[in-house]
Each structure stands twice: as structure tokens, then as C-alpha cells.
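Just dropping this structure here.
The values are calculated or read from the model by the stated rules, or taken from the named source; none is laboratory data. Just so it is clear, the model here is predicted, and its values are computed rather than measured. With ideal geometry, Cβ positions are generated from the backbone for all residues, glycine too; neighbour counts draw on all protein chains shown.
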Amino acid sequence: MRLFPSFVLLALVAPGLFAQTKLAPNKPEEPEAPKASLKKAVEFLDPINADWTKARKCGTCHTNYPYLMTRRLLPGGAESATLNEVRAHFEERALNWDKEKPRWDAEVVSTATALLWDDKHAQKPGSKPAKVAWDRMWKLQKPHGGFEWLKCNWPPAEHDDDYGALVAAMAVMEAPKAWREEAQANIDKLIAHIQGLKLSSLHHELLRGWVLCQLGKSLDKAAIQSLLERVEKAKHKDGGWSLVSLGQWKRHSGEVNDLAKAAADGYGTAIVILSLEGLGAEASNRAAPLAREGRSWLAKHQKTSGRWFVRSPSNDKFHYMTHSGTAWAAYVLNQQLGYAPIIE
């Protein structure tokens with residue numbers, strides 16, 4: 001989600017735990033690194049997320065929510081002062097929502113999800129801030145089972161209510177068993193809602209297949225094979241995927257994204273890998289080689305700053321999806337130790 005339209009100040013001069021640093025804007029012409037490095041990804045992610053959280057004091061689907069969901073498993077995550085400071089912001093928000101109400105329902109759902117993921121990665125499930133957000137999330141559930149979401153014409157995350165239901169399901173994936181049992185009626189309603197959605201993008205369909213499988217409600221064989229066929233068709237010849245190949249979104253100018261000219265990117269490739277590997281055994285034989293190709297692409301296309309560039313599907317001012325793309329690209333590479341010879 002996005003709270004302010006102005007460009008993030010990348011020259012960071014912040015007191016306390018946030019160290020002084022300076023990063024150039026996200027640009028496609030930045031040279032690629034000769035070798036992929038998770039440490040370099042962290043060097044990009046930490047100051048970007050520190051700056052956003054400190055300066056904006058908000059959560060965003062393109063920056064500090066995916067950071068909180070992934071950072072703990074990246075190099076230095078266990079002792080990261082920046083991660084702890086970013087997390088502290090969301091904990092404070094959750095614990096004080098009765099005094100300072102959430103800006104939107106999406107803030108509650110996204111905060112619950114991010115805190116639950118970080119709890120799981122820290123091997124400390126069941127934190128009080130996560131429980132507060134989890135309980136409040138279900139109070140916001142609509143009668144049809146979904147959630148009200150931001151519709152700011154910033155796809156794929158701030159575009160429709162369908163994405164909100166998928167994010168809520170990501171929270172359920174990592175919630176402690178006792179919490180799930182308490183909220184079982186709500187969860188059943190959410191799952192039924194997700195199963196019945198007529199989704200408008202391959203991006204959302206991939207996420208649906210992934211979350212349903214993780215919740216024990218896998219797609220049937222025909223649906224999985226159809227999904228895999230579309231993923232194969234969307235793949236670039238170099239082995240990666242572009243974000244815009246996963247959805248026919250128009251740019252703010254009204255221009256349709258040109259799929260033939262769109263380069264593969266970190267977000268599109270990482271989300272495809274994450275989803276393919278979460279579809280279950282029925283998809284494994286066909287999904288595994290696609291995921292290997294995707295990881296190979298990621299290992300070859302990191303920028304010298306540590307980021308994976310992602311062109312915005314909406315306009316060419318900000319390219320904030322680079323932040324999310326870098327977090328998820330580093331996360332999926334870190335889950336494949338077989339790439340150790342080419343990744344630091």
C-alpha cells in the first residue's frame with residue numbers, strides 16, 4: 001500500500017539505529033553485478049526500508065511489508081538492528097490502534113501477515129503484537145469472506161480487493177495452530193471466498209494456487225496444469241518473468257504495457273518461483289525445472305547496488321516495485337542452497 005505519492009528521499013541521515021547512507025534512484029540502466037550476492041541485497045534493502053519507515057511512518061506493499069516478511073532469513077537477519085527497528089514501528093502501530101486508528105483495513109491485514117511471517121522466521125511464534133493484529137483482522141472481514149482493500153490503480157498490490165484476501169491467507173499460513181483453531185469459521189469463509197474469485201491476472205492466480213495449497217486446499221490437477229501452461233507461455237527466453245507478463249494492466253497514461261519489450265525482472269521471477277514451489281506435489285515435475293530457470297535468471301541479473309530492478313507497471317517515476325522485487329528475489333535465492341557457487 002502507498003500513503004504518499006512523493007518520491008522517497010534516498011539520501012538517508014537518520015539518528016539512532018539507522019546509519020547514514022546514500023542510494024541512487026531505481027534505474028534500469030544500472031550495470032549488473034558479475035556475481036549475485038545476498039549480502040549486497042541486504043546492503044540495498046536495509047537503508048531503503050529504514051528510510052521509508054523512518055521518514056514516512058507507514059507500511060507499504062512495495063517496500064517494508066515484504067522486507068519484514070523476508071529479512072530475518074537473509075544474511076545478518078537474526079541480529080539486524082534495522083529489521084528490529086522496522087518491526088518496532090509495526091508493533092507500536094498494532095498495539096496502539098485503539099488510540100490511533102488504522103488508516104485502512106489493508107494496514108491491519110498486512111501488519112498481521114508481516115508480523116506473523118517474521119515471528120515464524122525468528123522461531124518465536126505467537127507474539128502479542130501479531131495476535132492483536134490477527135484478532136483485529138477478523139473483525140474487519142466482510143460477510144462474503146474477503147476484505148476491503150486499497151484500489152489506487154497501483155497493480156498488482158494496490159489494485160483490487162482480491163489481493164487483500166490473498167494477503168490475509170498468507171497470514172493464516174503462518175499463524176499458530178491455536179490461533180487458527182479459534183478463527184476456523186473465519187478461515188473457512190476466507191478460503192471459500194478465494195476459491196470462488198474470478199481473478200483478472202496470472203499474478204493473483206499464482207498466489208491463489210500457492211496459498212490454497214499451503215492451507216490444504218490444493219487446486220485440482222486440471223487447474224494446476226492450466227496454470228503451469230500459462231506460466232510457461234509467459235516465460236522469457238532468458239528464463240525469467242516480467243511483472244507485466246503476469247497481468248494485463250494499463251499504465252497511468254492509458255498505454256498498454258508492451259509485453260514484447262518488457263524485460264524479465266526480479267519481482268515477476270521471484271513471485272513465479274515462490275508460487276510454483278508452493279503448488280504441491282501435483283505440480284512438482286513440471287514446476288521444478290521452471291523454478292530452476294528462474295533462480296538461474298535471478299543469479300545473473302542482480303544490479304551492482306544489490307537490487308533487482310523492476311519497472312513499474314503504472315508509470316516511470318518511481319519503480320518502487322524494485323524494493324519488493326529485491327526482497328522476494330533474495331528470499332527465494334536464499335531458499336536454494338545449491339546456488340552457493342554463484343551466490344555469496
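Just wondering, is there one or more residues in region 307-323 that are farther than 18 Å from His203 by Cβ, in contact with a strand residue (DSSP E or B) (Cβ under 8 Å, 6 or more places away or on another chain) and hydroxyl-bearing (Ser, Thr, Tyr)?
The answer is no; no qualifying residue exists.
What pairs can you find where one residue is in region 153-176 and part of a helix (DSSP H, G or I) and crowded, with 23+ Cβ neighbours inside 10 Å, the other is modelled with pLDDT under 95 and not β-branched (Val, Ile, Thr), and their Cβ atoms are less than 6 Å apart, with a gap of 6+ or different chains?
Within 6 Å, no pair qualifies.
Could we say that Asp135 is without any contact (Cβ under 8 Å) to a residue 24 or more places away in the chain, part of a helix (DSSP H, G or I) and either under 23 Å from Gly209 (Cβ atoms) or of a type outside the set (A, V, I, L, M, F, W, C) (or both) here?
For Asp135, the condition - without any contact (Cβ under 8 Å) to a residue 24 or more places away in the chain, part of a helix (DSSP H, G or I) and either under 23 Å from Gly209 (Cβ atoms) or of a type outside the set (A, V, I, L, M, F, W, C) (or both) - is met.
Turning to a different aspect of this structure: List pairs: first in region 21-36 and small (Gly, Ala, Ser), second part of a loop (DSSP other than H, G, I, E, B) and modelled with pLDDT of 95 or more, Cβ under 6 Å, 6+ apart or cross-chain?
Ala33/Gln302; Ala33/Thr304; Ala36/Gln302
Could you say which residue among Leu199, Leu206 is in a helix (DSSP H, G or I), closer than 24 Å to Trp154 by Cα and in contact (Cβ under 8 Å) with a residue 24 or more places away in the chain?
None of the other options fit; the residue is Leu206.
Shifting gears a bit: Checking Glu148 against (1) part of a loop (DSSP other than H, G, I, E, B); (2) crowded, with 20+ Cβ neighbours inside 10 Å; (3) out of contact with any His (no Cβ under 8 Å at 6 or more places or on another chain): exactly one of these is not met. Which one?
(2)
Starting from residues that are among the small types (Gly, Ala, Ser) and surrounded by fewer than 16 Cβ atoms within 10 Å (Cβ to Cβ), keep the ones in region 255-295 and report whichever is farthest from Leu202 (Cα to Cα).
Ala281
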